[in-house]
1. I need a count of the residues in the range 107-147 that are without any contact (Cβ under 8 Å) to a residue 24 or more places away in the chain and either crowded, with 20+ Cβ neighbours inside 10 Å or in contact with a Gly (Cβ under 7 Å, 6 or more places away or on another chain) (or both).
2. Tally time: how many residues in the range 221-265 are among the charged types (D, E, K, R), exposed (fewer than 12 other Cβ atoms within 10 Å of the Cβ) and not in a helix (DSSP H, G or I)?
3. So which residues in the range 208-220 are assigned to a loop (DSSP other than H, G, I, E, B) and open to solvent by 50 Å² or more (accessible area, probe 1.4 Å)?
4. If only one of 104, 61, 55 is touching a helix residue (DSSP H, G or I) at 6+ places or on another chain (Cβ under 8 Å), assigned to a helix (DSSP H, G or I), open to solvent by 60 Å² or more (accessible area, probe 1.4 Å) and not hydrophobic (A, V, I, L, M, F, W, C), which one is it?
Amino acid sequence: MTADLFQLSGGRSACHPAVFESVTSAASAVSNSARVNLAHKIVKLFRGESHLRAKRRFRRKLHPIPLRPLLDRLDQARIRDIQTRYASSPVQVSKYADVEKWMKTNIERVQDLHLQRSAPRDILDLGCGGGFFLYISQQLGHRCLGLDIDGFPLFRELVDLFGVERRTWEIKAFEPLPDLGHKFHLITAFSTGFNRNVDKSLWGPPQWDFFLKDLSRHLAPEGDVFFGLNPGQNGGYYTHELRDFFVSRGAEIERERVYFKALRV
């Protein structure tokens, strides 16, 4: 298997060493022909993902969103105060006090959804955190609303700093979202934390089926949904069963990225 993958990738490893090693171990139990077929699939998968990532990087350079004007519109004294107070905090979310770093990350998120080139849209961001994505989108002329719990003072300060609107709500399995007053052209969620059961396991198809059907009530006609999933305890983003479920609902999937263009349920 190692030789097969090495040859098929043009003399270079086709994927991450940890993934490569696990695939190699699993392949030892199958026939030579099955190993070759599996090698082809693995190489094709990772080459495909590399191609998509390269396309996104190219498009970001082609349609840039300047960082400095976004930062200059903010109260610099408040930013310095926030960063000073959270610099030594042991709380995990304190990392978001690095406003410039997370502004850069969210510029890329906005670019990848082509929001710098689209007409004004109504956007709902689930688990909006400090509101970076909402702030950038709002500066581009979009109408934005965030939804999140109110459990972290830093997020409250950032939301206020950015001047974005946030509704307080905890997303739970098999419970509908509140009435948000109007429908949205785009619903997003990045680094999702809500899709976990009480035992910390990830939601399966039943929970997602309910959730997507509920989201459809909040979508404008032909509205889109994008999720950037967080991995589970085993490092995976979804089971084979859940991936098949997403695909059956029309999702385009690339690792943690799950995109429903014109969601159908």
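The values are calculated or read from the model by the stated rules, or taken from the named source; none is laboratory data. What you are looking at is a predicted structure, and each value in this text was computed from that prediction instead of being measured. Counting neighbours? That spans all protein chains shown, and the Cβs are built from the backbone with ideal geometry, glycine included. Accessible surface areas use protein heavy atoms only, side chains included; no ligands, DNA or RNA. Shrake-Rupley method; radii C 1.70, N 1.55, O 1.52, S 1.80 Å.
1. Of the residues in the range 107-147, 3 are without any contact (Cβ under 8 Å) to a residue 24 or more places away in the chain and either crowded, with 20+ Cβ neighbours inside 10 Å or in contact with a Gly (Cβ under 7 Å, 6 or more places away or on another chain) (or both).
2. Of the residues in the range 221-265, 2 are among the charged types (D, E, K, R), exposed (fewer than 12 other Cβ atoms within 10 Å of the Cβ) and not in a helix (DSSP H, G or I).
3. 217
4. Result: 104 is the single residue among 104, 61, 55 that is touching a helix residue (DSSP H, G or I) at 6+ places or on another chain (Cβ under 8 Å), assigned to a helix (DSSP H, G or I), open to solvent by 60 Å² or more (accessible area, probe 1.4 Å) and not hydrophobic (A, V, I, L, M, F, W, C).
Results for (1) open to solvent by less than 40 Å² (accessible area, probe 1.4 Å); (2) at pLDDT below 90; (3) within 27 Å of residue 256 (Cα to Cα); (4) aliphatic (A, V, I, L, M), shown as yes or no for each residue.
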{"site": "2", "(1), (2), (3), (4)": "no, yes, yes, no"}
{"site": "18", "(1), (2), (3), (4)": "no, yes, yes, yes"}
{"site": "30", "(1), (2), (3), (4)": "no, yes, no, yes"}
{"site": "38", "(1), (2), (3), (4)": "no, yes, yes, yes"}
{"site": "41", "(1), (2), (3), (4)": "no, yes, yes, no"}
{"site": "79", "(1), (2), (3), (4)": "yes, no, no, yes"}
{"site": "97", "(1), (2), (3), (4)": "yes, no, yes, yes"}
{"site": "100", "(1), (2), (3), (4)": "no, no, yes, no"}
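Conditions tested, residue by residue: (1) part of a loop (DSSP other than H, G, I, E, B); (2) surrounded by 12 or more Cβ atoms within 10 Å (Cβ to Cβ).
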position	(1), (2)
174	yes, no
179	yes, no
187	no, yes
192	yes, yes
198	yes, no
206	no, no
